[in-house]
Amino acid sequence: MQTSVLERLDASASRYADKVMFKDPERSLTFGQFDALTKSIGTYLAGVTKPGDPVAVMSGRHVFTPSCFLGAVRAGCFYAPMDGDMPKQRLNQILSVIKAPNLLVDQAHLEMAKTLDYDGNIIVMEEIMDTAADEELLAARAATLVCTSPLYVIFTSGSTGKPKGVITSHLSLMTYIDSVCKVLDINDTDIMGNQSPLDYIAAVRDIYFPISKGASTFIIPKNEFAVPTELFGTLNREKITALCWSVAGVEIPAKLGAFDESKPEYLKKLCFSGSVMPCKYLKIWQEHLPDVLYVNQYGPTESTASCTYYVVSEKVEDDTVLPIGKPYDNYKIMLLNDDNTPTPDGEIGQICVSGPILALGYYGNREVTDESFKDRRPRQMG
């Protein structure tokens, strides 16, 4: 059993040192460069943190953001990602929950960081990227991690009030990534096209497929999703082979007629999740790209992004309703009554999930943790 995602990063950096790992419209990082950058950031952070500390990361949509995430992990810590372009109120809400002693920001969001209700240590990413790596210190910090150590805390939308910080362990993330990669056959020939904000749960696929399988990820500019012809042009220019997008991301190009102009020529795999797919738009994708593997995912953040999948092998019609499918490997799905007893076959019940992919709980919120996690009471933090 692998102890942490750092073992995967070490292996991929060694095997694919000169291959592009992450790319955005302005720059790219090879696996070797990414690895070195995480070690520089990790060395600096190890000097100002204790093992197991949360590190808040407020950054933008670029290749250095995943470097900050894994730099925090190199320091034996876990990260709480925040999109620097989110409303100030939302950023303050997250900081009030995570209470991280250190906030790592990129230069573009430094002025915003200074206006937040935060009295901890603000660290500018660009100012620590050249820190000399201390391999001995990093090895000591890595040795503090176990497979159930928290890897990150990602916050839910907060639509019901105060946002909940879902704590995901190294084991949960690795289990999920392996299960999804098996279904989608993600490998080192794949180039992912990232849609999701990097602080959002769906982005873990675009970040950890490269770390786990040697794939590459291109971070697509946000504005291109409003101009689908430009979007398809980017997918072709970057030779994107695999997409893990929200349903809206799949729907909009079909709705706006992008396929009348072109199509993603290199695409082989398309996974979608987040809401119910209107199949009149999926039908358009199938008509133009009949050989693509289409997979419908379902599941909450608390199950490490998704817990079930359905391979769409049939040709859909406008009124087709896709099932949520079956559990991924190492996931167990149950339908329960209100008293937590199993429902009889054929009856409606509450979907409950168990397995090594469950979150550790909600950060700093034991009451809600105990309400939501019924089969066991995970050690909630903060």
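The values are calculated or read from the model by the stated rules, or taken from the named source; none is laboratory data. For clarity, every value in this text was computed on a predicted model and none was experimentally measured. Positions of Cβ are backbone-derived with ideal geometry, glycine not excepted, and every protein chain shown enters the neighbour counts. Just so you know, the surface numbers come from the protein's heavy atoms only, side chains and all, with ligands and any DNA or RNA stripped out. Shrake-Rupley method; radii C 1.70, N 1.55, O 1.52, S 1.80 Å.
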Exercise. Restricting attention to segment 301-312, does a residue exist that is open to solvent by 30 Å² or more (accessible area, probe 1.4 Å) and free of Cβ contacts under 8 Å to residues at least 40 places away in the same chain?
Worked result: yes
For this session: Look at segment 97-111 and say how many of its residues are under 24 Å from the mean Cα position of the chain (by Cα) and over 17 Å from F64 (Cα atoms).
Result: 6
For this session: Being surrounded by 14 or more Cβ atoms within 10 Å (Cβ to Cβ), modelled with pLDDT under 95 and in a loop (DSSP other than H, G, I, E, B) is the filter here, so list the residues in segment 138-161 that pass it.
Result: T156, G158
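Quick one: in segment 21-57, of everything that is polar (S, T, N, Q) and in contact with a Ser or Thr (Cβ under 7 Å, 6 or more places away or on another chain), which residue is surrounded by the most Cβ atoms within 10 Å (Cβ to Cβ)?
So in segment 21-57, the residues polar (S, T, N, Q) come out as 28, 30, 33, 38, 40, 43, 49.
Now drop any that are not in contact with a Ser or Thr (Cβ under 7 Å, 6 or more places away or on another chain), which leaves 38, 40, 43.
Values: T38: 25, S40: 20, T43: 21.
The residue in question is T38.
For segment 190-208: of the residues being acidic (D, E) and open to solvent by less than 10 Å² (accessible area, probe 1.4 Å), which is nearest to I220 (Cα to Cα)?
Step one: list which residues in segment 190-208 are acidic (D, E), which gives 190, 199, 206.
Retained after the next criterion (residues that are open to solvent by less than 10 Å² (accessible area, probe 1.4 Å)): 190, 206.
Working: D190: 16, D206: 11 Å.
By that ranking, first place goes to D206.
Going through segment 70-90 one residue at a time, which ones are farther than 19 Å from L45 by Cβ and buried (at least 24 other Cβ atoms within 10 Å of the Cβ)? Can you show your working first?
Initial filter on segment 70-90 (farther than 19 Å from L45 by Cβ): 83, 85-90.
Within segment 70-90, no residue meets the criteria.
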Problem set entry | Tally of residues being among the β-branched types (V, I, T) and either over 20 Å from P81 (Cβ atoms) or surrounded by fewer than 20 Cβ atoms within 10 Å (Cβ to Cβ) (or both) across segment 1-20 | 2
Problem set entry | segment 262-283, subset surrounded by fewer than 21 Cβ atoms within 10 Å (Cβ to Cβ) and in contact with a Gly (Cβ under 9 Å, 6 or more places away or on another chain), residue modelled with the lowest pLDDT | G274
Seminar exercise, completed: Contact list, first residue from segment 13-35 and closer than 12 Å to T217 by Cα and assigned to a helix (DSSP H, G or I), second anywhere and open to solvent by less than 50 Å² (accessible area, probe 1.4 Å) and among the polar types (S, T, N, Q), beta-carbon distance below 8 Å, six or more apart or interchain, is F31/S12
